[in-house]
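Have a look at the structure below before the remarks.
The values are calculated or read from the model by the stated rules, or taken from the named source; none is laboratory data. These numbers were taken from a predicted model, which means no experiment stands behind them. Positions of Cβ are backbone-derived with ideal geometry, glycine not excepted, and every protein chain shown enters the neighbour counts. To get the accessible areas, we keep the full protein, side chains included, count just its heavy atoms, and leave off ligands, DNA and RNA. Shrake-Rupley method; radii C 1.70, N 1.55, O 1.52, S 1.80 Å.
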Amino acid sequence: MPQTVQVLDTHMHGWQGITAVYLLDGPRPAIIDTGPGSSIDRILPALEAAGVDSLAWIVLTHIHLDHAGAAGHLARRFPEAKVVVRAEGGRHLADPSRLWSSAARLYPDMETLWGPMLAIDAGRIVAVSEDGPAVDLGAGRRLEAFYAPGHAKHQMALLDSATGDMFVGDALGVRVPEAGVVRPAAPPPEFDLELVIDTAARLHSLQPARVFPTHFGPAPDVDQIFDEAPRRFIQWVEAAEKVVAAGGALNELIEDFRARREEFYPTLRPETVAKFEYSCSYDLNSRGILRYLQRRPG
Ligand SMILES: [Zn+2]
């Protein structure tokens with residue numbers, strides 16, 4: 001029996017076990033998410049080691065640089081592959097310049113962190129705008145897409161019809177295996193708490209057999225992660241509301257989150273906190289939550 005999903009490590013920013021590429025092998029093989037462009041020298045050998053010499057599909061849960069940054073590189077290496085993405089994100093793959101410049105407002109050294117992002121020929125992009133079968137893996141196996149906004153408006157989850165495995169991108173935040181806890185991923189400009197909660201409930205109601213956040217690997221307990229993730233997002237937003245009510249702004253919020261680490265995550269080791277900082281930093285989450293609070297009516 002072949003493996004139904006393989007977890008490839010992109011070694012993003014030199015760290016093991018932060019950002020995955022999921023490989024679904026078969027008659028029409030697919031990967032889900034690509035890692036950043038800066039990891040391409042890790043991703044290509046990992047695909048080769050897994051015996052991949054052709055890809056039918058490059059599927060993106062969403063277009064953030066740590067998920068889609070290497071898509072253009074992989075599209076060049078696998079010219080037969082189609083690139084599947086939510087419709088909201090499609091044009092940014094064909095012309096990444098706006099995506100790149102908006103990320104450049106948040107990160108000081110884009111090239112080193114993320115590597116170049118290459119444009120993808122629009123004719124190879126499959127834009128998904130409704131829920132349902134989206135990717136034919138062959139032999140009756142398919143991926144169904146489910147819209148999953150909240151972390152970003154251009155996000156979808158994918159459900160494997162053969163296994164019941166669900167690939168959720170950042171919809172449930174970030175869960176590095178050794179931490180055993182969820183940290184919200186609440187980046188600007190689109191983070192929206194109500195949508196995160198609604199998305200988590202809808203995905204849970206589909207009763208997946210296993211859940212794979214892109215950061216990183218299968219969660220050991222499906223009901224547990226669907227229970228914990230919304231609570232964590234609420235916990236962080238409620239903390240931010242207090243800081244804002246006391247007149248605090250971005251720096252105060254970042255400091256408040258740092259100070260609450262032991263309260264929120266009493267079992268977390270310092271090295272694990274450092275890993276979280278590379279996927280959803282205090283800075284990024286603070287900016288995203290503040291923007292959400294400013295936008296929220298009332
Ligand atoms: Zn993301």
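Miscellaneous remarks
- Dipole in debye (nearest 20) - the chain, about Cα centre, beta carbon charges: Lys, Arg +1; Asp, Glu -1: 400
- In the chain, the sites counted are trypsin sites (Lys or Arg not before Pro) in DSSP loop states with at most 14 other Cβ atoms within 10 Å, and the longest stretch holding none of them, exclusive of the sites, is 106-259.
- The chain - mean residue ellipticity at 222 nm from DSSP helices (-39,500 (n - 2.57) per run, n ≥ 4, rounded to 500): -11500 deg cm²/dmol
- Other residues with beta-carbon under 15 Å from the beta-carbon of ASP25 carry, at +1 per Lys or Arg and -1 per Asp or Glu, a net charge of -2.
- Filtered GluC sites (Glu not before Pro), segment 65-159: DSSP coil and at most 16 other beta carbons within 10 Å: GLU80, GLU130
- Residue with peak Gaussian network fluctuation, the chain [Cα springs, cutoff 10 Å], from ALA122, ALA171, ALA56: ALA122
- By accessible area, using a 1.4 Å probe on protein heavy atoms only, segment 6-231 has 51% of its surface on carbon and sulfur.
- Eligible lysines near LYS275 by straight Cα distance, threshold 26 Å, same-chain separation 8 or greater: LYS153
- Of PHE78, GLY132, ALA49, farthest towards positive along the dipole that unit charges on Lys, Arg, Asp, Glu beta carbons give segment 6-231: PHE78
- Percent of beta bridges antiparallel (DSSP, the chain, rounded to nearest 5): 60
- For the chain, the fraction of alpha-carbon pairs lying more than 28 Å apart is 33 percent, rounded to a whole number.
- Total formal charge among the other residues, if their Cβ is under 11 angstrom from that of HIS11, Lys/Arg +1 and Asp/Glu -1: -1
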